[in-house]
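First comes the structure, then the notes that go with it.
Read the figures in this text as sums done on the coordinates, not as results from a lab. Keep in mind that this is a model prediction, so the values were computed, not measured. Here Cβ is always computed from backbone atoms with ideal geometry, including for glycine, and neighbour counts include all displayed protein chains.
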Amino acid sequence: MVRIIDEPALRRAITPAIAVDVIRDAFRADGEGRTRVPPVINLDVPAHRGEFHIKTAYIDGVSTIAIKIASGFPDNTVRGLPSGSGLMAVFDATTGLPVALLLDNGFLTDIRTAAAGAVAADVLARKRIDVVGIIGSGVQARHQIHCLRVVRDFHRVIAWSPTRERLERYCDELRAEGYDARAAASIEEVCAAADVLVTTTPSRSPLVQAAWLRAGMHVTAVGSDAPGKRELDSECLRRADLVVVDRLAQGAEFGEVSYVRDSLDDGRVVELGTLVAGKKVGRTSDDQITIADLTGVGFQDTAIAAAAIAARKSVTR
């Protein structure tokens, strides 16, 4: 019998702390060579400025496989609809039979993306940070703060978004949660203050300039998850001391690295899984500039779906 689990139940099952632990384990498995990841299916819907992504992966040791369909339609916000949605179909890894349909409305994708940002920051950001900078004011901007707080202690947030009303609302929400949140007038102002910078937009032109990066800064870019998207000027990656990707094969096709893949020394581009698995080292000094280019990998979806199903089983026993 195929179980159907709705969004409210999934939100109760997966907290930021659980998501970070699950996604850290998934990257460790990848670094140890225990994952099989096929190419991503990206489908643009230009007539409606929308897109679909289909991702999946097998993780050795995980009993299920998730096939995730996620959509992104930024113009939905003017219609009062969420800009992202989706669902996951989960299958038994031994028999191939379907076991669950997760009607998460994009929640699991959102939180696993933010958890990956936290895992990256944990191995790349300085141990002590004071200010987190956020570019964007949507759902992902919220999840990134909540997951980053799992691995770093901070209270100050400075944010910028092209829509001032949404930016102010975002900062108001963070202040209600106890953060010292401030709206910036420009991206450059955010960069001037941030110890950790997270970019969370669907931009198709560079937003962050290399001249704005500072010694010791860590940048996590999550918006470039399909061909044509980018948030960082190419010189940002050339200037960085270490560039980390979630998957080299995907980074060669899309993501920030795809724009500079022929001009970066291979030694400065490593997979996040190798850092989590202890095969390579991340930040080695407080003065380094580090960048994580996260495009979202199918093993994250399989891992978070398996965790959600396990959590629901424990609740219903």
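Relative contact order for the stretch 127-296: 21 percent, from Cα pairs under 8 Å spaced at least 6 residues apart, divided by residue count. Given +1 at the Cβ of Lys and Arg, -1 at the Cβ of Asp and Glu and no other charges, the dipole of the stretch 166-317 around its Cα centre is 620 debye to the nearest 20. The angle between the Cα long axis of helix 164-176 and the longest principal axis of the Cα atoms of the chain comes to about 70 degrees, rounded to the nearest 10. Taking Ser224, Ser203, Ser137 as the candidate residues, the one with maximal mean-square fluctuation in a Gaussian network model of the chain, Cα springs under 10 Å, is Ser203.
May I ask for the net charge around Glu7, where only other residues with Cβ less than 15 Å from the Cβ of Glu7 are counted and Lys, Arg are +1 while Asp, Glu are -1?
On the way: positive: Arg3, Arg11, Arg12, Lys68, Arg112, Arg312; negative: Asp6, Asp104, Asp110.
Neighbourhood net charge equals +3.
Applying 0.36 nm per residue to the separation of Thr284 and Arg156 and subtracting their alpha-carbon distance, the gain on full extension is 43.6 nm. Counting only residues at least eight positions apart within a chain, or on another chain, the aspartates and glutamates with an alpha carbon under 19 Å from that of Lys280 are Asp25, Asp30, Glu32, Asp122, Asp241, Asp246, Asp265, Asp266, Glu271, Asp293.
Straight Cα distances below 22 angstrom link Lys68 to the lysines Lys55, Lys229, Lys313, with same-chain residues fewer than 8 positions distant left out. Taking Asp110, Asp25, Asp130 as the candidate residues, the one with maximal mean-square fluctuation in a Gaussian network model of the chain, Cα springs under 10 Å, is Asp130. By the count of neighbouring beta-carbon atoms within 10 Å, fewest first, Ser161, Ser63 end up ordered Ser63, Ser161.
Rounded to the nearest 20, the Cβ-based charge dipole of the chain about its Cα centre (Lys and Arg +1, Asp and Glu -1) stands at 660 debye. Applying the criteria of a DSSP loop state and at most 14 other Cβ atoms within 10 Å to the trypsin sites (Lys or Arg not before Pro) of the stretch 260-292 yields Lys279. Taking trypsin sites (Lys or Arg not before Pro) across the stretch 1-64, the ones in a DSSP loop with at most 16 further Cβ atoms lying within 10 angstrom of their Cβ are Arg49. Comparing Gln144, Gln288, Gln300, which has the greatest mean-square fluctuation in the GNM of the chain with Cα pairs linked when under 10 Å apart? Looking only at Gln144, Gln288, Gln300, the largest GNM fluctuation is found for Gln288. Look at where the Cα atoms of the stretch 1-49 and of the stretch 253-282 average out, and the two centres are 21 Å apart. Can you give me the angle between helix 298-316 and the longest principal axis of the chain, using Cα atoms only, in degrees from 0 to 90, rounded to the nearest 10? Taking Cα atoms only, the helix is inclined about 60 degrees. Relative to the dominant Cα principal axis of the chain, helix 16-31 is inclined by about 90°. Inter-part distance, the stretch 169-198 to the stretch 106-166, computed on C-alpha centroids, equals 10 Å.
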